[in-house]
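The values are calculated or read from the model by the stated rules, or taken from the named source; none is laboratory data. The structure displayed is predicted, hence computed values, not measured ones. Cβ atoms come from the backbone with ideal geometry, glycine included; neighbour counts cover every protein chain shown.
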Amino acid sequence: MLEFAGKKPKIHPSAFVAPDAVIIGDVEIGEHSSVWFGAVLRGDMGRIRVGKFCSVQDNCVLHNDRGFGGETVLGDYVTVGHGAVVHGCRVGDRCIIGANSSIFNNAAIGEGSIVGTGAVVPTGKKVEPRSVVAGVPAKLLRKAKDEEWEGNKKNAENYVELAAKYKEMLG
């Protein structure tokens, strides 16, 4: 964890941050959330807020630009898959952001949505709640099913359990 321009990361005591994750500046990580190996949350150009029960997986990047509102926000029970880039946007509660996907400035992902693996959500795109989007650029495939709504939360809870094991193992 690094302070930047007088801003120091705030990490809830129940959260897990992997030893090689990089957390810089104006970053807040909520209770029971996890930031995994190689992830970078760089709050040097604006705020980054990670809600409760979130998982920011290996090699993800969360960042933003001052010119686009300067804030990146994850709601509660959000899973951000391996290698995803979440940049200057908002992600609602109970979302899954697929591995190697990218979400850009001023985009908004509605609650309960799924962004497919490798998808690119361009600047300013609004994804309605409970949507499944995929492709480059991301397009609506269908509405999320009720079992996916439940599964999104369960996926986040599974990572809480795994993070607790790592936290205990690593001290």
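Worth a mention:
- Within the stretch 29-116, strands (runs of 3 or more DSSP E) holding 2 or more residues that are closer than 19 Å to Lys7 by Cα and in contact (Cβ under 8 Å) with a residue 12 or more places away in the chain: 40-50, 61-63, 71-74
- Apart from one condition, Val160 fits all of (1) crowded, with 16+ Cβ neighbours inside 10 Å; (2) touching a residue at least 24 places away in the same chain (Cβ under 8 Å); (3) β-branched (Val, Ile, Thr); (4) outside any helix (DSSP H, G or I); the exception is (4).
- Of residues in the stretch 54-76 being among the small types (Gly, Ala, Ser) and modelled with pLDDT under 95, the one nearest to Gly25 (Cα to Cα): Gly70
- The one condition in (1) in contact with a Gly (Cβ under 8 Å, 6 or more places away or on another chain); (2) modelled with pLDDT of 95 or more; (3) farther than 24 Å from Val160 by Cβ; (4) not aliphatic (A, V, I, L, M) that Lys125 fails to fulfil: (1)
- Residue identified as among the basic types (Lys, Arg), surrounded by 12 or more Cβ atoms within 10 Å (Cβ to Cβ) and either over 25 Å from Trp36 (Cβ atoms) or over 18 Å from the mean Cα position of the chain (by Cα) (or both) among Lys167, Lys153: Lys167
- Val133 being buried (at least 20 other Cβ atoms within 10 Å of the Cβ) and over 26 Å from Phe16 (Cα atoms): yes
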